[in-house]
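Worksheet: the structure to be examined is printed underneath.
The values are calculated or read from the model by the stated rules, or taken from the named source; none is laboratory data. Note that the coordinates shown come from a computational prediction; the quantities given were computed from them, not determined experimentally. Virtual Cβ from ideal backbone geometry, glycine too; neighbours counted across all protein chains shown. The protein model used for the area step is the full one, side chains on, heavy atoms only, and it has no ligands, DNA or RNA in it. Shrake-Rupley method; radii C 1.70, N 1.55, O 1.52, S 1.80 Å.
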Amino acid sequence: MHYVTPDLCDAYPDVSVLEPMFSNFGGHDSFGGQIVTVKCFEDNSVVKEHVEQDGRGKVMVVDGGGSLRCALLGDMLAEKAAKNGWEGIIVYGCVRDVDILAQTPLGIQALASHPMKSNRRGRGDLNVVVAFAGVTFRPGEFVFADNNGIIVSAQALEMPA
């Protein structure tokens with residue numbers, strides 16, 4: 001489904017809107033779904049494990065602590081996520097392989113790109129409440145993103161007619 005966040009904000013004025021710091025890196029410029037959270041810092045082990053799961057109707061929200069020192073998502077993990085039906089991935093941190101990400105059928109928003117991969121030490125938490133960019137993300141709630149921004153809602157939203 002194609003989402004337009006300004007139209008959603010007009011129709012549902014109680015949504016939460018992230019501070020404007022994210023850029024679109026994926027092949028889909030609009031995406032939305034139920035929130036699955038990962039909290040990690042410079043270690044994408046849990047992201048790697050979870051892109052293997054069925055992601056239909058879901059968006060992975062990765063709280064990487066805003067680190068700009070390495071990437072938490074690259075082409076191989078993005079491809080696995082796309083193959084497993086994930087709607088998108090939002091990374092409060094960096095991504096890499098951006099030319100390939102732009103061709104991957106997946107919504108991807110992140111702070112920046114960085115060529116260095118993360119270390120894998122098996123650290124991170126899945127489906128915990130996380131907060132960044134002025135918004136709290138609760139597993140099971142909903143997130144919607146496009147080139148205008150990212151919004152969060154306690155309920156699923158439908159595009160107005």
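Could you state how much accessible area MET116 has, in square angstrom rounded to the nearest 10, with a 1.4 Å probe and all protein chains kept in place?
Here the accessible area works out near 110 Å².
Of the accessible area of the chain, with the probe set at 1.4 angstrom, what percent is carbon plus sulfur?
Roughly 47 percent of what the probe reaches on the chain is carbon or sulfur.
Under 5 Å between amide H atoms, partner at least 5 residues away or on a different chain: which partners does GLY26 have, H built in plane at 1.01 Å?
Close amide H contacts, sequence-distant or interchain: ILE108.
Treat each spin label as a single point 7 Å out from the Cα along the C-beta direction, and report the VAL4 to MET76 distance in nm.
Simple spin-label model gives 4.1 nm for this pair.
Ignoring ligands, DNA and RNA, how do LYS117, LYS58, LYS39 rank by accessible area with a 1.4 Å probe, largest first?
Putting LYS117, LYS58, LYS39 in descending order of accessible area: LYS117, LYS39, LYS58.
Could you check the spin-label model distance between ASN84 and GLU49? Points 7 Å from the Cα along Cα→Cβ, value in nm.
1.1
Probe of 1.4 angstrom, ligands and nucleic acids ignored: what's the accessible area per residue over the chain, in square angstrom?
That works out to 48 Å² per residue.
Which option, (i) 2, 7, 11, 11, 8, 6, 6, 5, 5, 4, 4, 4, 3, 3, 3, 3, 3, 4, 4, 3, 1, 0; (ii) 1, 9, 14, 16, 16, 14, 11, 8, 5, 3, 2, 1, 0, 0; (iii) 2, 11, 21, 25, 22, 12, 5, 2, 0, 0, is the value of P(r) over Cα pairs in 5 Å bins from 0, in percent that was calculated from these coordinates?
(iii)
What is the Å³ per residue value for the convex hull set by the Cα atoms of segment 25-94?
Considering the Cα atoms of segment 25-94, their hull volume per residue is 76 Å³.
Go ahead and estimate [θ] at 222 nm for the chain from helices alone: -39,500 (n - 2.57) per DSSP H run with n ≥ 4, summed, over the residue count, rounded to 500.
Helices in the chain give a 222 nm mean residue ellipticity of -4000 deg cm²/dmol.
Along the Cα-to-C-beta direction of ASN119, a point sits 7 Å from the Cα; which residues of segment 29-47 have their amide N less than 14 Å from that point?
Counting only backbone N, you get 41-45.
Spin-label point model (7 Å from Cα, Cβ direction): what's the ASN127 to MET159 distance in nm?
Result for the modelled spin labels: 3.0 nm.
Looking only at GluC sites (Glu not before Pro) in DSSP loops with at most 15 other Cβ atoms within 10 Å, what is the longest site-free stretch of the chain?
Formally, the longest exposed-site-free interval is 53-157.
Using θ = phi - 60° and the Karplus form 6.51 cos²θ - 1.76 cosθ + 1.60, what ³J(HN,Hα) does each residue of segment 25-42 get, whole Hz, x for Gly and Pro?
3J(HN,Hα) across segment 25-42, in whole Hz: 10, x, x, 9, 8, 9, 7, x, x, 6, 7, 10, 9, 10, 10, 8, 9, 6.
When only the heavy atoms of the protein chains count and the probe is 1.4 Å, how do TYR3, TYR12, TYR92 rank by accessible area, highest first?
Putting TYR3, TYR12, TYR92 in descending order of accessible area: TYR12, TYR92, TYR3.
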